[in-house]
Amino acid sequence: MKFISYATNKHDLSLLKECSYSEVILSFEDLNRLIKTSYDDFIELCQMAKTFQMRVILEWDVLATENDFAPKKSLFDSIPAELYDAIRVQDPGVLEYVLGTTDKPIQFIAETGNHNLKGLKVWEEYIGHRLERLVLSIELNKDKIKEYTCALKTPTELLVAGRVLLFYSPRKLLSPLALSEAKAEYGGSFLEAVGSSEESPHKGFPLVENQHGTFMFHIKDLFLLDRYEQLEQTGLDWLRIDLRDRQDLSFLKTLHEFLAKPSFHSDDLKEAYGKEVIRGYFQTNKSDVLFKKLKNYRVQRKDEAYIGEVVEIAKPEYMALELKSHLHLKKDSQLKIINPNGKEFFCKVHFLKDLAFDDLPKTHKGQLVLMNYMGGVWPKSQVYLDS
Amino acid sequence: MKRKVPELLAPAGSLDKLKVAVDYGANAVYLGGLKFGLRSAAENFTKQELREGVDYAHAKGALVYVVLNGFLHDKDLDELGEFIQFLDQIKIDAVIVSDLGTIATISEQTNLEIHLSTQASCLNIDSARLWKKMGVTRVVVGREVSIAEAALIKKEAQIEVEMFVHGSMCMAYSGNCVISNFTQGRDSNRGGCAHSCRFEYSLDFPKMGLAAKHNYFMSSKDLSGLRVLEEFIAAGIDSIKVEGRMKSHLYAATMAKVYSQALDYYEEHGHFLSEKLLEWEDELKKVTHRTYAQANLIDKANADTIFNEREHDTELDYVMVGRVIGQIEDKETVIEVRNAFNQYDEVEILPFKGSVLKQGLNHIKLLNGQEIERSKPSTLVKIPYVCGAEVNNIVRMRKV
Ligand code: SF4
């Protein structure tokens, strides 16, 4: 397994070199969601990385609607091709564009909405020989990752330490709340805040607003490095560490030192990371279990003998049924009625009348009929013929 | 110049709501089965209801689209085959899908037409081109796309384009919010969104020494594109969609009625220069909603599109009090009561076409003729005859 990380200044880049990183992710503010580096500084970093013999991975991960996309394409086209070795993209539109306009290898970020092997294989097939890496979702658990790395032809990567992006909106949500003078003083184009809500079990979400919109992060970082052996077993090829919110990347050096030791205590490494951490879904993902309980367990229609629904109970005189199927109801029909609690009742039709209380010889779909009252049944009960 | 009007696509959170939407003028409805969608808490459709819903809609010339737009995991895909074959067999008109694995599964196993869900955040021409190559025939573009951009996507990618015209807005790029996943253990992209963006937050700006207490800074105003329907038409948008499968019968009826009336008006007159527009706008304000905005339809959504308020019902809100269930010999109208009303109240009946019918309640009677002063939910009552009312018309009343 190899490590990859971001560099946003020369100091970072030197440190990565010192830690023997063979690849670095570089980008600039117009193409990247969170990097503040200017275009010129980015070019310089690319040149420096080249002198370090590091592969430069250009990350273009902003989402853009058509009108914003066009200027980004021009900026991208202006980057000298010799300065980067591969391009890392997320939006299918960007993927399509770079497939058609460059011949660079592609690292595809499949972190959002790619939670099945079938889909990943279609991406593999579509991007073909240009695909050099798939960046997998942190919502996959370790067993799934292992299954995928075995089944995919392409090398894979996972975020193993860094902030967890929870929310990405194109709207500027912080600046309306920050006083304009303070904004001017601070620069105005990159606002940071911390948000807490009584309604959320977590407090202190880091927030960032920049030219691309607003981003919210988890209060704790994802950290899987203390499960290094488990990571090895997954078959992942690349581990990404994203410390772009920190002043410096010195943790990378610490990590390097730890990994150079014959053995180390994983808790020490976690402590050295210096932030509160979560393991996310690495062990297991049961995120579809809880909300199944939200489902409305109304009585669901099940079989072909469905007749309709009880709409009124006038105890002890009658109950009114709305007939919702083509089946006919007649005097002496045997019925099974299931009330909204799921309790079943069986009864026979003794009389059938219309709304004017006149006898009904036969019924049709859509009709409202009155029949004899049955205890325990109430409105919304479902009625079936019981043959 | 008169142009083709788009399809009006309405939400159908249940079989009843499907019928309401179709009866009130929707050209198409979208709905979810018991699995694979994004509205786990909605009633959704059993297979039998789906079959009945498709028959009902088709008989009235409306199309049915089924959402399978969760970001499906492997085990979901394993269960999908049988369901999509059933959908193919009952002849639904399209499925609405978000991820590539689902698209591939559907293409391999069925002949179903595939629409790309807004959840996939298709934002530009290149993206639409890619999805088209994957077998998609229509893209529901991201809510961040303007009408003008959508027109470009349609023209350049040569693909059908569907856009949201009305309803609640996700503040994030669709599919790009996992707040619920990581704070509540509920996958927002498989139907478990906890609506954390509607919470009240207190914010600190440590570097600026600022604090902003009690804000709903992530909550979006609702979308309403009624005023820019002409732009949708001029842009050649194929389908305009109303959000809200979880919303009420009254909402389903109002949306289908207002937007279909507006589109019909355009078909007839070739323009919207009409005092009718005010009347339609008024109607849209009568269902529970957050303040309306045009979001990104014309310009980029700015600070004015943030609904910085606690969710609440407005004084203008109406409530559905019942449904017309029959007429007795031009003498009385029978109503299935959903919310109580009193003698001497004034109720309004929403006919499928035409103006609202108002009716003062001189009397309310039980079916057996006994007069009562106040109706009870889940009962049938007779009110004075309302000329023009039809079975299944929604009965509403201003909230008191
Ligand atoms: S919490 Fe809000 S922004 Fe996030 S998915 Fe739900 S509705 Fe969208």
Q. Which of the residues that make up the range B:213-234 are in contact with a Leu (Cβ under 8 Å, 6 or more places away or on another chain) and within 16 Å of the ligand (Cβ to nearest atom)?
A. B:Asn215, B:Phe217, B:Met218, B:Leu223
Q. When only residues in the range B:132-154 that are within 16 Å of the ligand (Cβ to nearest atom) and in a loop (DSSP other than H, G, I, E, B) count, which is nearest to the other protein chains (Cβ to nearest Cβ)?
A. B:Glu144
Q | Only listed residue being within 13 Å of chain B (Cβ to nearest Cβ), modelled with pLDDT of 90 or more and surrounded by fewer than 16 Cβ atoms within 10 Å (Cβ to Cβ), chosen from A:Gly195, A:Gly187, A:Gly204 | A | A:Gly204
Q) Out of A:Leu99, A:Leu83, A:Leu158, A:Leu140, which single residue is over 23 Å from B:Ala172 (Cα atoms) and within 16 Å of the chain's Cα centre (by Cα)? A) A:Leu158
Q. Taking the range B:155-212 only, how many residues are touching a residue at least 24 places away in the same chain (Cβ under 8 Å), within 16 Å of the ligand (Cβ to nearest atom), part of a loop (DSSP other than H, G, I, E, B) and more than 7 Å from chain A (Cβ to nearest Cβ)?
A. 5
Q | Candidate set: the range B:60-113, residues that are away from chain A (no Cβ under 11 Å) and polar (S, T, N, Q); chosen: the one surrounded by the fewest Cβ atoms within 10 Å (Cβ to Cβ) | A | B:Asn111
Q) If you go through the range B:41-54 one residue at a time, do you hit one that is under 30 Å from B:Cys177 (Cβ atoms) and assigned to a strand (DSSP E or B)? A) yes
Q. Does B:Leu123 fit the bill of being at the interface with chain A (Cβ under 7 Å from one of its Cβ atoms), in a loop (DSSP other than H, G, I, E, B) and of a type in the set (A, V, I, L, M)?
A. yes
Q. Yes or no: B:Leu15 within 22 Å of A:Lys324 (Cβ to Cβ), within 14 Å of chain A (Cβ to nearest Cβ) and not charged (D, E, K, R)?
A. yes
Q: Residue by residue through the range A:1-48, note down the ones that are part of a helix (DSSP H, G or I), touching a strand residue (DSSP E or B) at 6+ places or on another chain (Cβ under 9 Å) and within 28 Å of A:Thr65 (Cα to Cα).
A: A:Phe42, A:Cys46
**Q.** Hits in the range B:349-400 - residues which are in contact with a Cys (Cβ under 8 Å, 6 or more places away or on another chain) and over 19 Å from B:Val319 (Cβ atoms)
**A.** none
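The values are calculated or read from the model by the stated rules, or taken from the named source; none is laboratory data. Small disclaimer: the values here were computed from a predicted structure and weren't measured. As a convention, Cβ positions derive from the backbone with ideal geometry for all residues, glycine included, and neighbour counts pool all protein chains shown.
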